[in-house]
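Undergrad: What follows is a single structure, and I will ask about it in a moment.
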Amino acid sequence: MMLKNNNLSYLYLNNICLVVALACLLIGCRHEKQQQQDINDQPVETVDKIVVAYASAGGGVLPNPHDITHVNMAFGNVNRSYDGVDVRDTLFLRQLIDLKQQNKDLKVLLSIGGWTSGGFSEMASTAETRSAFVASCCQIVDKFQLDGIDLDWEYPSSDEAGITASPNDIDNFTSLIKELRMKLGATKLITIATIADALYVDFAAIKDDVDYVNVMMYDVARPPFHHSAVFRCSLAGRITVEEALKAHEQAGLPKDKIVLGVPFYGHGIDKISDFIDYADIEHLDGYRYVWNDTAHVPCLLNNDDKIVLCFDDSASIAYKCQYVVDNAYKGIMYWETKCDNNKFLLSKVISSMLLSAE
């Protein structure tokens, strides 16, 4: 591992410099493409990648609509009678929809679920409640003119999040996805968020019914381990980016439906919060920044050389974007907008890497 200087103010400057460098690189590439277009009289080839932002109603921070292709409002929930959807914040949802005025191609989805959000098992357990829930989803899509629904059931057949679970959940989830596709039609998006390990979902059964899958490749460990390492090393958590994406492929998903989820936050110990937004990491003093050349993610060390914070920064995010491009995956998803607060430009790094010129 390479040590870098102690002054954490580099985080902000590093992001600015990286974005500028990426922009210069892209301008050079686009100029070269334009020259080729002039010679061959052919249109400039575009990159078919997506950037998915989660924006939470509680966070209240709107993403830059020019840095993303899709935004999921977190969250709606299964209602208490298990036959419909409660939208947590319709005002914030309308604000996200209004971003289409700045980017007409932006796709806005309602994400239903989230960690500790229950009611899924009960809702999916009968044909009647499933159908009522699907009808509610369709009504909400029509009412708000949404582009689709993102289902974030964490996780079918697992009670890890303190929610009701049943061995029948996986099959019932498949039935739910298929009915939602039938009722929403082919033009609306259906996406899901999944655990990094590719568990709890019959991907082979639903691969034709979902547009893409957001792989939550984070929270797989706490310090002294990394929670979002790209490659296997002694400090990686239970699974890495490489392992997670391959696990989804082996479970039956094609690469062009796999979206890599990245965190805009870190996990800390000792005097650092367990969950700390990236925007707050700059203000930490007295720690040493270390880059892991194998895992391709950073961390902070204390005076005893103990990892006290594992997180992603502009360098690791850029590396993950390049990994997605090099391996022909669909794109990048991040959780979430408020963690970066549009200040430290992590979303700009992603868009500069993945999105082509207008």
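The values are calculated or read from the model by the stated rules, or taken from the named source; none is laboratory data. Treat the numbers as computed from the prediction; the structure is a model and nothing was measured. Don't worry about glycine lacking a Cβ; one is built from the backbone with ideal geometry, like all the others, and counts go over all protein chains shown. Side chains included, ligands, DNA and RNA excluded: accessible areas come from the protein's heavy atoms. Shrake-Rupley method; radii C 1.70, N 1.55, O 1.52, S 1.80 Å.
Undergrad: Considering only region 198-218, state which residues are in a loop (DSSP other than H, G, I, E, B) and in contact with a helix residue (DSSP H, G or I) (Cβ under 6 Å, 6 or more places away or on another chain).
TA: If the condition is that a residue be in a loop (DSSP other than H, G, I, E, B) and in contact with a helix residue (DSSP H, G or I) (Cβ under 6 Å, 6 or more places away or on another chain), then A198, D202, D209, M217 are the ones that fit.
Undergrad: In this structure, is E249 touching a strand residue (DSSP E or B) at 6+ places or on another chain (Cβ under 8 Å) and open to solvent by 50 Å² or more (accessible area, probe 1.4 Å)?
TA: Spelling it out, E249 is indeed touching a strand residue (DSSP E or B) at 6+ places or on another chain (Cβ under 8 Å) and open to solvent by 50 Å² or more (accessible area, probe 1.4 Å).
Table: residues versus (1) within 25 Å of I170 (Cα to Cα); (2) open to solvent by less than 30 Å² (accessible area, probe 1.4 Å).
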| residue | (1), (2) |
| --- | --- |
| G58 | no, no |
| L62 | no, no |
| G76 | yes, yes |
| N79 | yes, yes |
| D86 | yes, no |
| L96 | no, yes |
| E128 | yes, no |
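Undergrad: In region 322-346, which residues are at negative phi, at pLDDT below 95 and open to solvent by 40 Å² or more (accessible area, probe 1.4 Å)?
TA: Hit for region 322-346 is K343, nothing else.
Undergrad: Oh, and also: Give just the number: which of (1) surrounded by 23 or more Cβ atoms within 10 Å (Cβ to Cβ); (2) touching a strand residue (DSSP E or B) at 6+ places or on another chain (Cβ under 8 Å); (3) among the polar types (S, T, N, Q) does S314 not satisfy?
TA: Going through the list (1) surrounded by 23 or more Cβ atoms within 10 Å (Cβ to Cβ); (2) touching a strand residue (DSSP E or B) at 6+ places or on another chain (Cβ under 8 Å); (3) among the polar types (S, T, N, Q), S314 breaks only (2).
Undergrad: If I filter region 289-307 for residues that are under 22 Å from K49 (Cβ atoms), of a type outside the set (G, A, S) and without any contact (Cβ under 8 Å) to a residue 24 or more places away in the chain, do I get at least one hit?
TA: no
Undergrad: Out of curiosity, is Y319 aromatic (F, W, Y), in contact (Cβ under 8 Å) with a residue 24 or more places away in the chain and buried (at least 20 other Cβ atoms within 10 Å of the Cβ)?
TA: no
Undergrad: For region 83-129, give me each residue that is small (G, A, S) and touching a residue at least 60 places away in the same chain (Cβ under 8 Å).
TA: Once the filter is applied, which keeps residues that are small (G, A, S) and touching a residue at least 60 places away in the same chain (Cβ under 8 Å), region 83-129 yields S111, G113.
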